[in-house]
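Following: one structure in structure tokens, then a few remarks.
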Amino acid sequence: MAERVTPEITVFPSLDALSHEAARCLIVAAREAVICTGRAAVALSGGQTPRRLYQLLASDEYAAAVPWDEIDWFWSDERAVPPDNEESNFHLASTAMLAHVPVSEARVHRMPADAADLDRAARSYEALIRERVPELAFDLLLLGVGDDGHTASLFPGHPALDETERLVVPVEGAASLAVRRRLTFTLPLINQARSVLVLAQGPAKRPIVEAVLRGDAAADRYPVARVRPAGHLTWLVDDKAG
Ligand code: 6PG
């Protein structure tokens, strides 16, 4: 069992303030990686929380500080919908950020969850990560938290949580989800990251944030509590979640 780590949790008065700090964290992590290795690998998350972060990174306030030419952009999970679908995590980052900045298409690695054969798509994305991400260690890996404590598309009780070999797998989430079929990073890949940034907003996330803060074994029922990276783990939460 990986050792239990207590993350650094910072509470912000608003999603906007949280998103400004997240932008600073991402820029620092990317610039440090570029200084050390000439490149950076960043994995983006989906849902609604990171929208403001993406807008800020593309804004006049931050865009000039982002080493766009040296970052390879990946996604930590994706829904089984076309890239122009409102439910797509790629669509979120593209419309809020990538379409507005000088990033080369060659550095944007969309997760092909709209493929007919999801298992084959998972294996091809894993092969791409093995080829393009040194030591399989993302310099900055962004995650969100679902109301049930899921993160990426690792849902409570799902066998994907116990995957120890594969880095990317297909999953089928609960019937309540708008899009059930997905691709997701597994915990071995997530926990290989140099820096993981978890963003959480809203009162529904409070029990999960409190459980993770307590760091007790009961927290492990929440997949996000099992995010224990080799590197830094930082939670940025708003004052409704924290
Ligand atoms: C997804 C996301 C997922 C998300 C959480 C939080 O594809 O659903 O990657 O893990 O981060 O569900 O979503 P909100 O930011 O909308 O609360």
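Only the coordinates and a few stated rules stand behind these numbers; no lab work does. Source: prediction; values computed, not measured. Note: ideal-geometry Cβ built from the backbone for every residue, glycine included; neighbour counts use all protein chains shown.
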### Sequence ranges 156-164, 68-76, 55-63, ranked by mean other-Cβ count within 10 angstrom, highest first
68-76, 55-63, 156-164
#### Entry: Placed amide H near Trp75: partners under 5 Å, 5+ positions off or other chain
Leu44, Met111
### Message
How would segment 117-242 be classified by its alpha-carbon gyration tensor: rounded, prolate or oblate, with rounded meaning a/c under 1.5 and the a/b versus b/c comparison settling the rest?
### Response
oblate
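Note the full-extension length gain between Ala230 and Asp117 as 0.36 nm times their separation in residues minus their Cα-Cα distance, in nm to one decimal.
37.5 nm
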### Query
What is the set of long-range amide H partners of His232 at a cut-off below 5 Å, with H atoms built 1.01 Å from backbone N?
Ser195, Val196
